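Worksheet: one structure, shown below.
The values are calculated or read from the model by the stated rules, or taken from the named source; none is laboratory data. This is a predicted model, so every value here is computed, not measured. So basically every Cβ, Gly included, is an ideal-geometry build from the backbone, and we count neighbours across all protein chains shown.
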Amino acid sequence: RLTAVAEYLKLRDKYQRHPKCTRPCLNASLAIARRMGKGVYFARQIRQNEEYLAKHGRLCLSKESAQHGQYTLLDNESVVHGVRRYLAAQNLGSITPHLLCHHVNKVIIPALDLTTKKATISERTAINWLKKLGYTCKDVKKGVYFDGHERPDVIEARKKFLTELTKYEQLMCKYDDVTMELIPPILGPGEKEHVLLPQDECIVSTNDGPRKQWLQGNQQPLKKKGNGRPIHISDWISERTGRLALSEEQIAAQAKLPESQRLRVTDARRIIYPGKNHDGWWDLKQLMDQTEDAVDIFEHLHPDKVGVWLFDCSSAHEGLAADALNVNNMNVNPGGKQKHLRSTVIPLNNPAPKPGQRDTRGMVQDMVYPQDHPTPELRGQPKGMKSVLQERVSVWDELSERRGGKVVGKCKECTKSQTKKDAERRVAAAEAMGQEDTLEEADLAQAEEPDAPERDAWCCMHRVLSLQADFANEKPMLQHYLEGRGHVCMFLPKFHCELNAIEMLWGYAKYRKCYRLASDSKFLTAKCLVPQCLDLCDTLTIRRFFRKTWQYIDTYSKGLDARQTAFAIKKYKSHHRVGLTSEIVALMQASD
Ligand SMILES: [Zn+2]
């Protein structure tokens, strides 16, 4: 640009001295622009740049700076100084673009006596300034930011998840990219239509202070404990019906039925108000209870369809039943404080018995001693790990042989990996209570660590028993229940909340400022606002949420990386599927 201006000045000088040239400025700038392969617009820019250069002694920063005077305000030494001094004086976590904007417009600029045409800044500008000065907006909820998308164990889990979901996708309705109208699947004999039903939980806290804080460099968010009462929502959405609830007409029809034939509830959504002397915190028991009602509603809406019930991967959701085969609920020896577990069948894939030994494989095994046991103290008592393993004769023989006769209940390595599981449990519990801010950093870090790599499978009783097929394949309680009712239960891979369409419903309510309205107000107002906010979201919008998750599923299935995914999702905004990988790569190159 500087060259253009210099050339322009030379030529203008020549033109001005030429007696026949009437408009030297215009003609000179046009000639230079043409010479540089540009047009009228560029010629005008040359003239403007020359004027600016003459006045300020330098070129203006950019097109934006030329058009909006306020952008150059931060170039003013006194303004930067004033802003920095103001920010440094603020308490940790109390900086907001709104307050900065106010301070700049009301204090800093008036003090400078500037004569620029528009000497105020907008909140948007305040945000840009904060970013330029090295501040970022951090989520208070999560002190530490983890991204495990590309961790090997997570990729493996994602692959498995996608393969399974793709299998069911063929049995689901498709929706037109434009009209969102339903296109039924083509079903083979005996096949049933499947409906995807993602579940999620969300907490709205009242009078809770800002959830986000503007912080400099590596400052960590200040975690303040909210004193308002939280509102906890758990719900499903359906691509077919939007909400998992009966319509007005269906509810009216229900009312005409005899009481014994009516549904217990007509809406799957459940909202609780936990706190001291109030509702208890959300737990698996409540989710199980809600799931039972949700399945009743689903089966009422779609009598011969199969639900694909989708849950986030969390130790809370994947909890086992109280009597499930779970080594964590067992002691080494019989009796004492340990749970009564269900009976099982000794796995057939256990080692073959040594010569002369009994083959116990395929035999029924109780986890509790019978009431008529010869030793009176053992009657009705849980057996404990040692006896259970000894009854699996070939397994116990193998274990004692490998350990040279010295078998421990739980070795050091296993205790270490238990620390991670305990941390996971604490994180899940805190999340259920909306109290992530009370968590220790160490717990958060530990809970997100990848699982320990392959190690000795025969180290101790605890590990050997937990790896026995019947213990290892014990299904989460939710899955057990849903499969029992003829449905499908799936858990999302870790770190992949973008694959959960209902997350977008919470985001939608937030975007609509509903939550902000709710969380800024008193508990009773919020209690009434929250369901209203959520009801604003109609079926069409919910189908758009699903469209977005199908796009993600499609890009992950195609093996695109993070950058390609972001590009594809933007490019194919209004399609259920993104283009071919080669097409996306070509488009990316073209746009670079
Ligand atoms: Zn061990």
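Go through (1) more than 30 Å from LEU444 (Cβ to Cβ); (2) within 14 Å of the ligand (Cβ to nearest atom); (3) not polar (S, T, N, Q); (4) not in a loop (DSSP other than H, G, I, E, B) for LYS421 and report which single condition fails. Single failed check for LYS421: (1).
Results for (1) touching a strand residue (DSSP E or B) at 6+ places or on another chain (Cβ under 8 Å); (2) not assigned by TED's automatic domain parsing to the domain that holds LEU171, shown as yes or no for each residue.
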site	(1), (2)
HIS278	no, no
LEU284	no, no
GLN290	yes, no
ASP296	no, no
GLU299	no, no
PRO303	no, no
PHE311	yes, no
PRO334	yes, yes
GLN338	yes, yes
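In the condition set (1) at pLDDT 75 or above; (2) away from the ligand (no atom under 15 Å from the Cβ); (3) buried (at least 16 other Cβ atoms within 10 Å of the Cβ); (4) assigned to a loop (DSSP other than H, G, I, E, B), TRP396 is compliant with all but (4). If you scan the stretch 1-41, which residues turn out to be of a type in the set (Phe, Trp, Tyr) and without any contact (Cβ under 8 Å) to a residue 12 or more places away in the chain? TYR41 - this is the single residue of the stretch 1-41 that is of a type in the set (Phe, Trp, Tyr) and without any contact (Cβ under 8 Å) to a residue 12 or more places away in the chain.
Taking the options LEU534, LEU540, name whichever one is part of a helix (DSSP H, G or I), at pLDDT 85 or above and surrounded by fewer than 18 Cβ atoms within 10 Å (Cβ to Cβ). Only one candidate qualifies: LEU540. Give the residue that is farthest from the ligand (Cβ to nearest atom), with candidates limited to residues of the stretch 449-489 that are surrounded by fewer than 18 Cβ atoms within 10 Å (Cβ to Cβ) and of a type in the set (A, V, I, L, M, F, W, C). Only one residue tops the list, namely ALA469. Against the test of being free of Cβ contacts under 8 Å to residues at least 12 places away in the same chain and assigned to a loop (DSSP other than H, G, I, E, B), the options PRO370, PRO334, PRO353, PRO347 yield a single qualifying residue, PRO370. In summary, LYS410 fulfils each of the numbered conditions (1) modelled with pLDDT of 90 or more; (2) more than 16 Å from the ligand (Cβ to nearest atom) with the single exception of condition (2). Summed over the stretch 155-176, residues that are surrounded by 13 or more Cβ atoms within 10 Å (Cβ to Cβ) and farther than 19 Å from VAL488 by Cβ total 2.
Looking across the stretch 150-204, the residues that are closer than 30 Å to GLN286 by Cα, touching a helix residue (DSSP H, G or I) at 6+ places or on another chain (Cβ under 9 Å), of a type outside the set (S, T, N, Q) and outside any helix (DSSP H, G or I) come down to HIS194, VAL195, LEU196, LEU197, PRO198, ASP200, GLU201, CYS202, ILE203, VAL204.
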